[in-house]
Amino acid sequence: MTATPAQSHSDDVREVPVNGRGEILTQTARRWLAVLRLALGFLFLWAFLDKTFGLGFSTPSERAWVNGGAPSQGFLKSDAVRGPLKDFFGSIASPLSDWLFMLAMLGLGVALMLGIGLRVSAVVCTFVMILMYLAEWPFTPNSGSTNPLVDYHIIYALASIVIAATYAGDTWGAGRPWRRLGIVRKNPWLI
């Protein structure tokens with residue numbers, strides 16, 4: 001008698017439905033996707049906290065947002081911005097860009113940590129990461145990027161898309177109860 005995958009003693013071969021359309025993931029895969037979601041969420045939440053309070057990692061306390069610092073303006077007007085879009089990025093540097101950037105960091109961090117709104121998070125993350133990727137213009141030598149086509153901005157964007165596509169908020173997150181909310185059922189883009 002041959003054991004079926006569901007009868008196997010290993011988590012790696014037990015099939016777990018993802019979304020009712022026949023796609024499956026192992027329990028181990030679902031857990032690692034949850035770890036990826038939490039790590040990416042913490043990355044954005046940490047960026048928000050460090051830039052807000054100047055924890056001294058990438059933002060010294062004197063440049064903290066609460067001390068009058070300008071999180072996006074500081075970057076957009078710096079030498080880190082290169083290439084043919086430098087003038088464009090300099091022109092959008094403003095208090096509004098600070099607020100939008102910080103709201104994006106906080107929103108992404110909270111949504112990913114909780115496992116809710118992952119479709120919206122994937123869109124916002126991809127948009128922000130592409131803008132940051134283009135601002136740093138990795139297509140020239142000495143740009144700070146180790147790969148001109150696929151750098152960490154692209155990896156973060158792809159990770160956010162994978163997290164949303166695999167319902168990674170269901171494992172160790174509030175994805176399932178979030179999807180049961182009336183407003184989310186009426187507006188599936190909020191999943």
Among the residues of the range 61-85, which ones are open to solvent by less than 40 Å² (accessible area, probe 1.4 Å), of a type in the set (A, V, I, L, M, F, W, C) and part of a helix (DSSP H, G or I)?
LEU76
Hey, among the residues in the range 86-114 that are open to solvent by less than 60 Å² (accessible area, probe 1.4 Å) and of a type in the set (Phe, Trp, Tyr), which one's nearest to the chain's Cα centre (by Cα)?
PHE101
Hey, can you tell me all the residues within the range 96-149 that are closer than 22 Å to ILE191 by Cβ and among the polar types (S, T, N, Q)?
SER121, THR126
Working only within the range 127-147, note down all residues that are open to solvent by less than 80 Å² (accessible area, probe 1.4 Å) and either acidic (Asp, Glu) or farther than 24 Å from ASP87 by Cβ (or both).
GLU136, ASN147
Helices (runs of 4 or more DSSP H) fully within the range 93-191 counting 2 or more residues that are within 30 Å of GLY74 (Cβ to Cβ)
95-114, 118-136, 152-165
Can you name the condition, by its number, that ALA3 falls short on among (1) closer than 30 Å to ARG119 by Cβ; (2) modelled with pLDDT under 95; (3) out of contact with any Asp or Glu (no Cβ under 6 Å at 6 or more places or on another chain); (4) of a type outside the set (Ser, Thr, Tyr)?
(1)
Which listed residue, of ALA157, ALA93, ALA135, ALA80, is within 21 Å of ALA39 (Cβ to Cβ) and either small (Gly, Ala, Ser) or in contact with a Cys (Cβ under 6 Å, 6 or more places away or on another chain) (or both):
ALA157
So, in the range 148-164, of the ones that are closer than 19 Å to VAL124 by Cα and more than 13 Å from the chain's Cα centre (by Cα), which residue ends up surrounded by the fewest Cβ atoms within 10 Å (Cβ to Cβ)?
VAL150
Restricted to the range 14-37 and to residues being more than 23 Å from the chain's Cα centre (by Cα) and among the basic types (Lys, Arg), the residue modelled with the highest pLDDT is ARG21
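The values are calculated or read from the model by the stated rules, or taken from the named source; none is laboratory data. Everything numeric in this text was worked out from a predicted model, so none of it was measured. Because the Cβ atoms are built from the backbone with ideal geometry, glycine has one as well, and the counts that use them run over all protein chains shown. When the accessible area is computed, the model is the full protein with side chains, heavy atoms only, and any ligands, DNA or RNA have been set aside. Shrake-Rupley method; radii C 1.70, N 1.55, O 1.52, S 1.80 Å.
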